[in-house]
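For reference, the structure discussed in these notes is given below.
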Amino acid sequence: MVCPNCKVELKADASFCHECGYPLQKASEQESQEKNQQLTSNVDQPSNRVQDNSVKIDVSHFTVQNWIFFGVAVLGALGCLLPWARVNVFFYVASINGMKAWQGVVSFILFLGIIAYMFLEKALKIDEKSRHMLKMVVNVAVPGLITLLLLLVLIDILSTNMVSPSIGIFLSIASSVFLILMGLNIVKFNK
């Protein structure tokens with residue numbers, strides 16, 4: 001080992017120079033910093049960079065209308081988890097939630113799809129015409145399909161003896177109808 005200050009030959013385990021008193025730990029730290037800088041400068045070259053393709057979810061563009069739409073969609077999904085029907089047979093009472101029927105599962109998935117679209121809408125790299133068309137499908141057609149499915153279930157519940165509708169189906173139907181009205185701009189919330 002050589003002293004970086006006075007260039008005198010030193011023992012390998014020396015912690016300072018016996019000739020000038022230069023601390024050798026400081027020198028080894030500087031050498032390691034220089035090596036680290038060389039390594040990091042090699043990483044910064046364009047050929048070694050890894051492109052970040054992750055989707056950034058930014059809710060700063062959300063308006064009051066968007067937040068209300070989001071809240072109503074969450075209520076609709078919650079309605080699928082709540083009791084849809086109550087069965088009364090003599091002294092036996094049972095509740096059945098929306099996840100017991102295929103219509104409830106489909107409605108729940110569609111409500112979650114609406115919620116996901118709201119967060120990913122700005123991240124989609126599509127032209128403006130396609131974006132508008134997709135927005136109409138998500139804001140009007142999907143809630144319309146949910147409403148149709150739920151109304152068919154409600155009619156089936158109402159036509160069955162000893163079965164009465166419960167809060168979950170009404171919450172999901174009201175949410176889907178409200179989403180349609182908001183999607184068609186019949187109901188607006190402005191700041």
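The values are calculated or read from the model by the stated rules, or taken from the named source; none is laboratory data. From a predicted model like this one, the values you see are computed outputs, not experimental measurements. When we count neighbours, we look across all protein chains shown, and the Cβ atoms used for this are built from the backbone with ideal geometry, even at glycine. All accessible areas refer to the heavy atoms of the entire protein, side chains included, with ligands and DNA or RNA removed. Shrake-Rupley method; radii C 1.70, N 1.55, O 1.52, S 1.80 Å.
Restricted to the range 55-71, and to residues there that are farther than 15 Å from Val138 by Cβ and touching a Leu at 6+ places or on another chain (Cβ under 9 Å), the residue that is modelled with the lowest pLDDT is Val55. Against the condition charged (D, E, K, R), part of a helix (DSSP H, G or I) and open to solvent by 80 Å² or more (accessible area, probe 1.4 Å), how does Lys122 come out, does it pass? Yes. Exactly one residue out of Ser95, Ser107, Ser176 is farther than 22 Å from Thr63 by Cβ and at pLDDT 90 or above, and it is Ser107. A Cβ distance below 6 Å, combined with a sequence gap of six or more or placement on separate chains, defines the contacts here; from the range 62-81, residues that are closer than 16 Å to Ile173 by Cα reach residues that are polar (S, T, N, Q) and open to solvent by less than 20 Å² (accessible area, probe 1.4 Å) in the pairs Val72/Ser175; Leu75/Ser175; Gly76/Ser172; Gly76/Ser175; Gly76/Ser176; Gly79/Ser172; Cys80/Ser107; Cys80/Ser172. Exactly one of these conditions fails for Phe170: (1) assigned to a helix (DSSP H, G or I); (2) over 15 Å from Leu75 (Cα atoms); (3) open to solvent by 60 Å² or more (accessible area, probe 1.4 Å). Give me its number. So the condition that Phe170 fails would be (2).
Within the range 81-95, none of the residues are closer than 25 Å to Ile186 by Cβ and out of contact with any helix residue (DSSP H, G or I) (no Cβ under 6 Å at 6 or more places or on another chain). Using the structure shown, decide if Leu75 is within 24 Å of Met182 (Cβ to Cβ), at pLDDT below 90 and within 20 Å of the chain's Cα centre (by Cα). Answer is no for this residue.
Checking Ile146, Ile180 one by one, the residue that is surrounded by 15 or more Cβ atoms within 10 Å (Cβ to Cβ) and touching a Ser or Thr at 6+ places or on another chain (Cβ under 6 Å) is Ile146 and no other.
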